[in-house]
Each structure stands twice: as structure tokens, then as C-alpha cells.
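Undergrad: Following this message is one structure expressed as C-alpha cells.
Read-outs: derived from the displayed coordinates by stated rules, not from any lab. Since the model is a prediction, treat every value here as computed from it, not as a measurement. Don't worry about glycine lacking a Cβ; one is built from the backbone with ideal geometry, like all the others, and counts go over all protein chains shown.
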Amino acid sequence: MDSQAAQNAAVAIARRAHYYETEFGKGGKEDRTIRLLECEIPTQSFGCGALPQTIFVHQAWIARGLKDEKFYDDANFELAYTWFGGVARVRFDEFPLPMDSAAAYAGWEAKAKEEGGDARNGRIRWLLADFDKHAAQCKDKIILPQPANSQSCSYSAAWSKSGLFFFAMEDRIGREEFHKALKNMIQYRRARDMSIEDLISSIEEESHRPQGAFARQWLKDPGIPAEFRARYSGDVTPAEKSSNSNTKETQP
């Protein structure tokens, strides 16, 4: 890539890394360097996993020169995985959902914060539409937690539901408190596995009230709570439909 494109990429990544560090704590122990590492996506279409302070660069990005808008969007989400996957890990040999959506939530929230306006609500409406589309095509119940089984027809809907669950938790206790809970969770679980139990415990500690019943409603109800749907009712715009879902399914 040419030097100007490299500089632009460095500035954009540094800006977003600073945001994640401010919201969720340090991504590394001492060195704050963010490294880009080329990754060849396996044949199963899973991602390349997550490492601290490392953005996995896919071959398609290299072909495009690492400088278009999609590169910056994808790099943002890969960077989020260095916190929610690199600092603390998701167990993919057990039940990765809903916890694997923590990184995606952080990426969506960061982008919406930067864009302002209706970006956050637009993303939630997109996820609701995506959930409904996949749920309509699958007879299985969409409940959480869910194992990493790419063959199950319920996995795509469960992934969207997981993202919505994080936004619902943010609505419930407030953005600042929810981000503090996420920060406390991954920093406490640094270099260890993080689970849904860790998330709920951290949220309860930050909000000073029980969250089990609310979480169970989201996890065990096969649909989306009606109150949440009503809050974000509205048609998905064409721009939102064309926006990349930025999903990432990883393996250790």
C-alpha cells in the first residue's frame, strides 16, 4: 500500500483504539502498538480468532489496497475483537453466543457514536430485521446460550439476537454504566475465559440490582421481547439494508 494510505489507516486505527481503551480499559499490558497480521480465512468461513493488540487483515482487504470505507469498517470490528476476545476469551468449545457478540456490539456502538444521529437505532432495526429473516427460515427455537454449530439453521438468528441482547442491556442500565460493566468484566477476566455469568455478575455489581430475570427473558424466550421491539419499531432504510452486518464467527 502507498505511504498516504498507510498513514490514513494508522490514524483511523489509532483513533478507534483510543476510544476502545477509554471505554474498556487497556488492550495490552504495556506496549500500545497495534499490529496488522495477514489472515487467510479457513474453508469453513470462520474468522481468524482474536489476539491482543492485533488486527487480522484479510486478503480481500489487501486486494482493495487497505483504504476504502469497507476496510475501515472491518478494521474497526477486528480491533474490537482484540478487546473482547484478545483481552478476555470466548469459549468456542462450549457456548460462544451470546458472548461472541460483545465485540460486534462494541464495534457497532463505536461507529454509531462517531456517526451520531439515528445510527444506533438504525443498527438495532437492521438487527431486528436480520433476526426475523433468519428466524422465519428456521423451525428451531432461537434460544441462548448456543454452541458454535455453523450447521444449525438457528445460529444466524441467534447471532443477531445476541447483538440485540447487548443493546437491550445498555438500555436497561444506561450506556456509561454498561460500558463500565463490560470494562470491569474483561479486565478482571484478562487472559481468561469470559462467560454470560461473568457478564451478568458485572452488570449487577455496576447497576446495584438483580438482572437475572431480565437476562433470562432474553436468553430463553425464542423471540424478541415485545417492549424492545416497540421501542425500535420502524422500517429498515435501503442504506441500512446495504450496510455490512459485520458478523464474525471465530474459532480458537
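Undergrad: Dimensions of region 3-88 along principal axes (Cα, Å, largest first)?
TA: Projected onto its principal axes, the Cα set of region 3-88 covers 34, 33, 18 Å.
Undergrad: Could you tell me the relative contact order of region 3-88? Use alpha-carbon pairs under 8 Å, at least six residues apart, and round to a whole percent.
TA: Rounded, it is 37 percent for region 3-88.
Undergrad: Pick out, from His179, Gly86, Ile224, the residue whose Cα sits farthest towards the positive end of the charge dipole of the chain, with +1 on the Cβ of Lys and Arg and -1 on the Cβ of Asp and Glu.
TA: My answer, from the dipole projection, is Ile224.
Undergrad: By counting other Cβ atoms within 10 Å of each Cβ, how are Glu94, Glu206, Glu23, Glu78 ranked from fewest to most?
TA: Glu94, Glu23, Glu206, Glu78
Undergrad: Further question: Along Cα→Cβ, 7 Å out, is where each label goes; now give me the distance between the ones at Val11 and Ile62 in nm to one decimal.
TA: Each label point is offset 7 Å from its Cα along the Cβ direction, giving 2.6 nm.
Undergrad: Starting from the Cα of Ser3, step 7 Å along the direction of its Cβ; do the same at Ala226; then give the gap between the two resulting points in nm.
TA: Distance between label points: 6.4 nm.
Undergrad: Just the number, please: Stokes-Einstein D of region 101-242 in µm²/s, Kirkwood Rh from C-alpha pairs, 10 °C, 1.306 mPa s.
TA: Details: Rh = 15.9 Å.
Approximately 100 µm²/s, per Stokes-Einstein.
Undergrad: Please tell me which of these pairs span more than 32 angstrom C-alpha to C-alpha: Lys26/Lys67; Lys29/Lys220; Lys67/Lys141; Lys29/Lys113; Lys26/Lys70?
TA: Those over the limit are Lys29/Lys220; Lys67/Lys141.
Undergrad: A follow-up question, please. Taking the simple approach of a point 7 Å from Cα along Cα-to-Cβ for both Glu69 and Lys133, what is their distance in nm?
TA: 1.8 nm
Undergrad: Which semi-axes, in whole Å and largest first, does the equivalent ellipsoid of region 84-170 have when worked out from the alpha carbon gyration tensor as the square roots of 5 times its eigenvalues?
TA: Semi-axes, largest first: 22, 18, 8 Å.
Undergrad: Considering the chain as a Gaussian network with a 10 Å cut-off on Cα pairs, which listed residue, Glu114, Glu204, Glu21, attains the greatest mean-square fluctuation?
TA: Glu114
Undergrad: Provide the percentage of antiparallel DSSP beta bridges, counting only those with both residues in the chain; round to the nearest 5. Numbers along the way, then the final one.
TA: Working: 1 of 9 bridges.
Taking every DSSP beta bridge within the chain, about 10 percent pair in antiparallel fashion.
Undergrad: Turning to a different aspect of this structure: Just to be sure I understand: with springs between alpha-carbon atoms less than 10 Å apart, which residue in Gly25, Gly163, Gly117 has the highest mean-square fluctuation in the Gaussian network model of the chain?
TA: Largest GNM mean-square fluctuation: Gly117.
Undergrad: To the nearest 20 debye, what charge dipole does region 3-88 have about its Cα centre, counting +1 at the Cβ of each Lys and Arg and -1 at the Cβ of each Asp and Glu?
TA: So the dipole magnitude of region 3-88 works out to roughly 160 debye.
Undergrad: Turning to a different aspect of this structure: What's the local net charge at Gly28, with K and R +1, D and E -1, over the other residues with C-beta under 13 Å away?
TA: Values: positive: Lys26, Lys29, Arg32, Arg35, Arg190; negative: Glu21, Glu30, Asp31.
Around Gly28, the surrounding residues sum to +2.
Undergrad: Further question on the same structure: In Å and from the alpha-carbon atoms only, list the Rg and Dmax of the chain.
TA: Just the Cα atoms of the chain yield Rg and Dmax of 17.5, 53 Å.
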